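**Student:** To start, I am sharing the structure in question, which I have written as structure tokens.
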Amino acid sequence: MALTFGIYPGGLLGDDKGIVHPVRPDVPDRIAAALDALQGDAGPLTVRAYHSFAATVLPEPPTPADPCTYLERGRKLDLVLSYREPTGRLGEWLEFVRAAVRTHGPHLASVQICEEPNADLPALDGSTPNVLNALVQGVIAAKQEARTLGHPLAVGFNAVPTFDPADTFWSDLSAVADARFLDSLDYVGLDFFPDVFRPLPGDQLAEAVTAVLTAFRRTDLPTAGIPDTVPVRVCENGWPTGPGRPEQRQAATLATVVRTVAALAAGLTIDAYSFFSLRDADSGADGLFHHFGLLRDDYTPKPAFATYRRLIHELGNPPARHGA
């Protein structure tokens, strides 16, 4: 089962305290050239982008600033719409969702509603009041707008792995999810970063990836009433370099994770993988979150850049053939 591959090409990101700004600004020409090099003559990549909604406070800036700049050579947008409205109200949020589908529709491969709604951290939607209703109603609104306009985009949401047995996110979701939600849902994404926040011996990495993805498919999604016909996607995965984290190990970790995902794809109905991220926020910083890139902050490649390119060519969807 071939995977659709993607990547987040911006420099800005969130950590456990808030927003991390890149030490060097995004340079669109260099980002586009890196995406072209990754894609080569393989099938099109998806370009992941984030746009946050908040009506009563200043929202986080969209990132990358103009993602449509990078949609050459058949690439399409994997757009994340984040819900950050502290009052929990939904009316303007739902119009924000519909407007995003109208504005970007022809360029969209997918729309993700909310960003990690089960993670209660400052930069993530799980800390926002009424996020479950924002998630359910947002998925319905996005799909309705796409159907009305005739845009064949996939609508879904994402989550992080659940390690706390007392966590009630999936059962709480089942209580508010209705038939309209399930009819509108095209995928569920998983953001996970094995061997980043919980160190693992290298020989246990594939086993850990298998365990997390299997639990997500076989335990979490059924708890919410989501059938196994709805595909799973790896929406964010990566491994940072930096002090004590050699670049060659990043490349080896990437290869192990992606090959494990590909081996599980048919059995667990996994249809896509997206790497986080293209470029470091600050290659000279000590912080863990500053070094997730396949490129250093000056756009020079780490070994993992060539590794990801090879994996895309080997395991990705083939390029479209015209006139066949």
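The values are calculated or read from the model by the stated rules, or taken from the named source; none is laboratory data. Everything numeric here is computed off the predicted structure, so don't read it as measured data. Backbone-built Cβ (ideal geometry, glycine too); neighbour counts: all protein chains shown.
**Student:** Go through (1) more than 18 Å from the chain's Cα centre (by Cα); (2) touching a residue at least 12 places away in the same chain (Cβ under 8 Å) for residue 103 and report which single condition fails.
**Tutor:** With respect to (1) more than 18 Å from the chain's Cα centre (by Cα); (2) touching a residue at least 12 places away in the same chain (Cβ under 8 Å), residue 103 is out only on (2).
**Student:** Working only within the stretch 237-263, note down all residues that are assigned to a loop (DSSP other than H, G, I, E, B) and modelled with pLDDT of 95 or more.
**Tutor:** Selection gives 238, 239, 240, 241, 246.
**Student:** Give the residue, chosen from 13, 38, 71, that is within 16 Å of the chain's Cα centre (by Cα) and crowded, with 18+ Cβ neighbours inside 10 Å.
**Tutor:** When all the criteria are applied, what remains is 13.
**Student:** Then there's this: Given the criterion free of Cβ contacts under 8 Å to residues at least 40 places away in the same chain and crowded, with 16+ Cβ neighbours inside 10 Å, identify the matching residue among 296, 233.
**Tutor:** 296 is the lone residue from the list that is free of Cβ contacts under 8 Å to residues at least 40 places away in the same chain and crowded, with 16+ Cβ neighbours inside 10 Å.
**Student:** Does the stretch 274-283 include one or more residues that are in a loop (DSSP other than H, G, I, E, B) and either at positive phi or surrounded by fewer than 19 Cβ atoms within 10 Å (Cβ to Cβ) (or both)?
**Tutor:** No, the conditions are met nowhere in the stretch 274-283.
**Student:** When both residues are 6+ apart or on different chains and their Cβ atoms are under 7 Å apart, which pairs have a first residue that lies in the stretch 9-25 and is at pLDDT below 90, and a second that is surrounded by 13 or more Cβ atoms within 10 Å (Cβ to Cβ) and among the hydroxyl-bearing types (Ser, Thr, Tyr)?
**Tutor:** Final answer for the pair search is 12/63; 13/277.
**Student:** For the stretch 98-110, indicate whether the set of residues that are outside any helix (DSSP H, G or I), in contact with a strand residue (DSSP E or B) (Cβ under 8 Å, 6 or more places away or on another chain) and of a type in the set (Ser, Thr, Tyr) is non-empty.
**Tutor:** yes
**Student:** Shifting gears a bit: For residue 259, state whether it is in contact (Cβ under 8 Å) with a residue 12 or more places away in the chain, crowded, with 24+ Cβ neighbours inside 10 Å, in contact with a Leu (Cβ under 8 Å, 6 or more places away or on another chain) and not small (Gly, Ala, Ser).
**Tutor:** Spelling it out, it is not the case that residue 259 is in contact (Cβ under 8 Å) with a residue 12 or more places away in the chain, crowded, with 24+ Cβ neighbours inside 10 Å, in contact with a Leu (Cβ under 8 Å, 6 or more places away or on another chain) and not small (Gly, Ala, Ser).
**Student:** Within the stretch 151-172, track down each residue that is within 20 Å of the chain's Cα centre (by Cα) and at pLDDT 95 or above.
**Tutor:** The answer is 152, 153, 154, 155, 156, 157, 158, 159, 160, 161, 169, 170.
**Student:** Taking the conditions exactly as written (touching a residue at least 40 places away in the same chain (Cβ under 8 Å), surrounded by fewer than 18 Cβ atoms within 10 Å (Cβ to Cβ) and either over 27 Å from residue 19 (Cβ atoms) or not aromatic (Phe, Trp, Tyr) (or both)), does residue 178 satisfy them or not?
**Tutor:** Against the criterion (touching a residue at least 40 places away in the same chain (Cβ under 8 Å), surrounded by fewer than 18 Cβ atoms within 10 Å (Cβ to Cβ) and either over 27 Å from residue 19 (Cβ atoms) or not aromatic (Phe, Trp, Tyr) (or both)), residue 178 qualifies.
**Student:** OK, next. Just give me the residues in the stretch 107-150 being surrounded by fewer than 17 Cβ atoms within 10 Å (Cβ to Cβ), on the phi < 0 side of the Ramachandran plot, over 20 Å from the mean Cα position of the chain (by Cα) and not basic (Lys, Arg), in sequence order.
**Tutor:** Filtering the stretch 107-150 for residues surrounded by fewer than 17 Cβ atoms within 10 Å (Cβ to Cβ) gives 107, 120-122, 127, 129-130, 133, 147-150.
Keeping just the survivors that are on the phi < 0 side of the Ramachandran plot gives 107, 120-122, 127, 129, 133, 147-149.
Narrowing further to those that are over 20 Å from the mean Cα position of the chain (by Cα): 129, 133, 147-149.
Within the stretch 107-150, 129, 133, 148, 149 qualify.
**Student:** A follow-up question, please. Given the options 57, 47, 23, name the one that is more than 18 Å from residue 297 (Cβ to Cβ) and part of a loop (DSSP other than H, G, I, E, B).
**Tutor:** Of 57, 47, 23, the one residue that is more than 18 Å from residue 297 (Cβ to Cβ) and part of a loop (DSSP other than H, G, I, E, B) is 57.
**Student:** Same structure again: State all residues of the stretch 294-306 that are part of a helix (DSSP H, G or I) and within 12 Å of residue 275 (Cα to Cα); if no residue qualifies, say none.
**Tutor:** If the condition is that a residue be part of a helix (DSSP H, G or I) and within 12 Å of residue 275 (Cα to Cα), then 304, 305 are the ones that fit.
**Student:** Of the residues that sit in the stretch 158-174 and are polar (S, T, N, Q) and in a loop (DSSP other than H, G, I, E, B), which one is farthest from residue 112 (Cα to Cα)?
**Tutor:** Applying the filter and picking the extreme gives 168.
**Student:** Output the number of residues of the stretch 60-96 satisfying the condition of being outside any loop (DSSP other than H, G, I, E, B), more than 20 Å from residue 14 (Cβ to Cβ) and touching a Leu at 6+ places or on another chain (Cβ under 9 Å).
**Tutor:** Residues meeting the conditions: 3.
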